[in-house]
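The values are calculated or read from the model by the stated rules, or taken from the named source; none is laboratory data. Treat the numbers as computed from the prediction; the structure is a model and nothing was measured. Glycine gets a Cβ as well: all are built from the backbone with ideal geometry, and neighbour counts include every protein chain shown. Side chains included, ligands, DNA and RNA excluded: accessible areas come from the protein's heavy atoms. Shrake-Rupley method; radii C 1.70, N 1.55, O 1.52, S 1.80 Å.
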Amino acid sequence: MKKFYITTPIYYVNSEPHIGSAYTTIIGDIIARYKRLTGYDVFYLTGTDEHGQKILQAAKEKGKDPQLLCDELSEKFKKLWEDLNITNDYFIRTTDPNHMKTVQLFVSKMLENGDIYKGIYKGWYCVPCETYWNEEEIEIDENEKQVCPSCGRPLNFVEEENYFFRLSKYTEPLLNHFKNNPDFVEPEFRKNEMLKILESGLKDLSITRTTFNWGILMPNDPKHVIYVWVDALINYISAIGYERDEETFNKWWPADVHLIGKEINRFHSIIWPAMLMSVGLPLPKKIFAHGWLTVNGQKISKSLGNAIDPREFVKKYGNDVIRYYLTRDIVFGKDGDFSEENLVQRLNSDLANDYGNLLHRTVAMVVKNFDSIIPKPEEILETDKILIEHFENLLNKYYAYMDSFKLTYALEEIWSYIGNINKYFDENKPWILAKEGNKKRLATVLYNTLEAILRVATLLMPFMPDSSNEVYKRLSQNVKPSEVFEKKWNVLKSGQKVTHGKPLFNKIDLSKFEKIAVKKEKQDLQKQNTEEGVVLISFDEFKKIDLRVAEILEAEKIKKSEKLIKLLIDLGELGKRQIVAGIAKYYNPNELIGKKIVIVANLKPAKLMGVESQGMLLAAKINDKLTLLTVDNDIEPGAKIS
Ligand code: MSP
């Protein structure tokens with residue numbers, strides 16, 4: 001039997017799952033179900049990542065024992081996957097004793113191979129991302145703080161004796177692997193990002209820490225805990241019995257695809273393959289890095305209060321609707337925005353109108369004209385043939401798109417076919433055939449429409465299992481879905497009773513529509529305000545800030561910085577000054593010259609990347625957009641703003 005091993009990343013248990021974490025798992029589930037449906041023996045793995053500083057910090061903040069926190073949160077992830085109808089075959093936890101032993105064994109092999117050595121690590125570390133950064137990679141924010149180039153949060157400086165993995169040794173072998181396996185990392189633009197990193201040469205990687213002990217101990221030196229990413233990546237082989245159960249391991253490894261989010265691509269496409277090369281194991285066949293979900297245009301974050309709980313959505317709209325929306329509206333591979341309005345739009349138009357209503361009206365006619373019994377089709381006309389042909393075309397495209405994880409395109413094609421079925425139904429006017437008493441033709445039209453619906457429900461099985469099963473039930477069909485793929489038209493059994501139940505999908509009345517996300521966001525923001533304390537300032541305090549209009553005289557980019565521009569500004573009575581601003585991503589130096597901007601003129605001077613800044617300009621920023629504050633009418637530089 002053909003086999004397919006698919007994994008999700010394992011989720012950090014520092015906080016509750018949100019729609020972003022559910023996204024990867026739902027997509028993985030759709031692919032796993034599709035593979036099963038098309039005859040594969042599938043192993044679908046997910047789990048939780050429970051060691052490291054990030055989890056330890058979360059436990060400390062909550063005043064909880066870390067193991068207890070992991071036990072509680074890991075249960076929540078498990079429960080959510082059950083609620084979301086996820087068909088994972090195993091759930092791994094990195095605190096499982098088996099996993100912990102496997103990690104030590106794996107690292108021992110790397111030690112034996114001479115791929116690990118002791119050295120001094122001096123550099124930056126981002127706890128939320130659990131990532132080391134070199135001096136050249138870090139960014140400096142407006143307050144002169146070193147921040148993570150990936151998440152923008154403050155970095156810690158680390159200097160300690162660590163064990164290092166000779167990652168540099170694998171630059172060439174990895175480049176060769178990428179060359180010989182052009183589909184190793186997808187989408188293509190993500191592969192190119194990895195190639196760039198490889199082409200600039202890899203540095204050895206620190207793989208142990210000594211300043212905390214929430215992790216797996218280094219087998220030869222228990223003062224050190226193993227770097228959480230090394231620990232986590234090994235989950236993909238420890239879950240299938242590496243060095244414990246040879247048969248199972250050999251059956252599943254190498255994985256067919258590791259599904260991941262874009263920000264953890266380097267770990268999966270570079271570090272993990274190098275680790276596998278080090279111990280002589282084959283590499284996964286593919287890494288697929290998807291984009292990020294924002295919520296109503298904002299990055300999902302607990303502190304913004306928009307970390308929506310997928311359970312609320314499931315409760316309100318049902319599982320299938322969420323699964324459909326996430327795959328249909330967010331092009332798999334790219335970033336996308338989760339918006340409840342768009343979800344409702346999809347629900348009302350695609351699901352309730354196009355699909356649900358088609359089933360509803362066809363079944364209603366069978367009930368009325370054939371005593372609820374599916375009739376036998378009679379002579380086939382050209383229009384019937386076209387409907388059948390269209391399905392064959394659809395099936396070919398469906399396979400191609402599903403096999404290349406172009407899930408959104410697969411759904412688009414299915415919906416275009418649903419459009420064809422609706423057109424077929426309307427053009428054949430079964431209500432007129434009924435009126436005229438043309439039972440033979442009526443039987444054929446209703447039969448073909450139901451056959452087409454059954455086929456659509458089958459293609460949709462991986463995406464929307466509940467409603468697809470419901471269609472099978474309402475048409476009393478007990479054919480195995482996989483057979484529908486294999487058999488020619490006329491799979492639908494005539495003589496079976498249909499049930500005209502409730503609508504397949506409940507439309508939302510837009511005039512009464514209340515959003516979950518907004519309500520929650522507001523509540524959370526209020527909570528956050530009282531928890532973190534919004535600071536109200538007095539007018540006197542505001543008056544302390546000397547805001548002035550300044551004219552930009554010169555502007556140039558600061559070398560070695562992606563963000564910073566050095567400006568020479570004219571402040572009228574206050575003279576000329578130099579300021580440094582983090583706006584290089586949004587403005588070219590040339591377009592700045594001559595602009596009248598607003599600056600804080602009495603800010604203590606500070607150095608940014610070694611360049612002195614004697615003030616700070618004001619700009620409005622939202623998401624990825626930034627615009628400078630300017631004045632409405634012309635006014636002399638140095639004018640006071642009050
Ligand atoms: N523990 C590591 C993964 C180790 S795998 C050996 C980790 N965990 S995570 O919980 O932070 O993220 C897990 C997955 O959830 C990542 O693939 C990440 O991209 C995904 N998502 C988290 N937030 C997301 C969005 N807002 N949108 C889409 N996916 C996002 O990284």
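The heavy atoms of residue 91 present about 30 square angstrom of accessible area, all protein chains included, probe 1.4 Å.
Quick one: putting +1 on the C-beta of Lys and Arg, -1 on the C-beta of Asp and Glu, what dipole do you get for the range 545-641 around its Cα centre, in Debye to the nearest 20? If you can, show how the numbers build up before the last one.
Working: 16 positive and 13 negative charges, 105 e Å.
The calculated dipole for the range 545-641 is roughly 500 debye.
Ligands, DNA and RNA excluded, the heavy atoms of residue 168 present near 50 Å² of accessible surface to a 1.4 Å solvent probe. Per-residue accessible area (protein heavy atoms, 1.4 Å probe) orders 211, 294 as 211, 294, starting from the largest.
Within the chain, helices built from complete DSSP H runs that reach 27 Å or longer along their own axis (Cα positions) and carry a mean Kyte-Doolittle hydropathy of -0.5 or higher are 407-428, 439-459. Using the Cβ-Cβ distance between residue 67 and residue 632 with R0 = 56 Å, the FRET efficiency computed as 1/(1 + (r/R0)^6) comes to roughly 0.40. Here residue 64 is the anchor, and the lysines within straight C-alpha reach of less than 16 Å, apart from those fewer than 8 places off in the same chain, are 54.
3J(HN,Hα) along the range 159-166, derived from phi through the Karplus expression 6.51 cos²θ - 1.76 cosθ + 1.60 where θ = phi - 60°, amounts to 9, 7, 7, 10, 8, 10, 9, 6 Hz, with x in place of Gly and Pro.
Between the amide H of residue 378 and those of 444, distances stay under 5 Å, these residues lying 5 or more places away or on another chain, with hydrogens modeled in the peptide plane. Taking amide H positions as modeled 1.01 Å from N, with prolines and chain starts lacking one, the residues under 5 Å from residue 140 and 5 or more places away or on another chain are 147.
For a 22 Å ceiling on Cα separation, which of these pairs sit above it: 299/563; 262/286; 440/493; 299/397; 557/640?
Violating the 22 Å Cα-Cα cut-off are 299/397; 557/640.
Contact order for the chain, expressed relative to its length and based on alpha carbon pairs under 8 Å spaced 6+ residues apart, stands at 12 percent.
Under 5 Å between amide hydrogens, built in the peptide plane, is the criterion, and for residue 48 it picks out 11, 92, 93, 94 among residues at least 5 positions away or on other chains. In terms of the Cα gyration tensor, with a ≥ b ≥ c the square roots of its eigenvalues, is the chain rounded because a/c is under 1.5, prolate because a/b exceeds b/c, or oblate? It is oblate, given that a/c is not under 1.5 and a/b is not larger than b/c. Computed about its Cα centre, the charge dipole of the range 311-371 is approximately 220 debye, with only Lys, Arg, Asp and Glu carrying charge at their Cβ.
Estimated from the Cβ-Cβ distance and a Förster radius of 56 angstrom, the FRET efficiency linking residue 386 and residue 603 is about 0.20.
Per residue of the chain, the DSSP helices (runs of n ≥ 4 H) give a summed -39500 (n - 2.57) that works out to -12500 deg cm²/dmol at 222 nm. With a 1.4 Å probe rolled over the protein heavy atoms of all chains, the accessible area of 244, 36 falls in the order 244, 36, largest first.
Rounded to a whole number, what % of the accessible area of the range 340-486 do carbon and sulfur atoms account for, probe 1.4 Å?
Values: 2950 of 6090 Å².
Carbon plus sulfur share of accessible area: 48 percent.
For residue 383, the solvent-accessible surface with a 1.4 Å probe is about 50 Å², rounded to the nearest 10. The DSSP beta bridges internal to the chain are antiparallel in roughly 70% of cases.
Computed FRET efficiency, Cβ-Cβ of residue 212 and residue 2, R0 56 Å: what is it to the nearest 0.05?
Numbers: r = 45 Å, r/R0 = 0.80.
Efficiency for this residue pair is about 0.80.
Ranked from largest to smallest solvent-accessible area, with a 1.4 Å probe on the protein heavy atoms, 595, 118 come out as 118, 595. In this simple spin-label approximation, residue 180 and residue 101 carry label points 7 Å from Cα along the Cα→Cβ vector, and these lie 3.4 nm apart. Think of a 1.4 Å ball rolled over the protein heavy atoms: the chain then has 46 Å² of accessible area per residue.
Within the accessible area of the range 545-641, what % is carbon and sulfur when the probe is 1.4 Å and the other protein chains stay in place?
On the way: 2720 of 5630 Å².
Ligands and nucleic acids excluded, carbon and sulfur give 48 percent.
Peptides 621-629, 248-256, 25-33 ordered by packing proxy, namely the average of other Cβ atoms within 10 Å per residue, highest first: 25-33, 248-256, 621-629.
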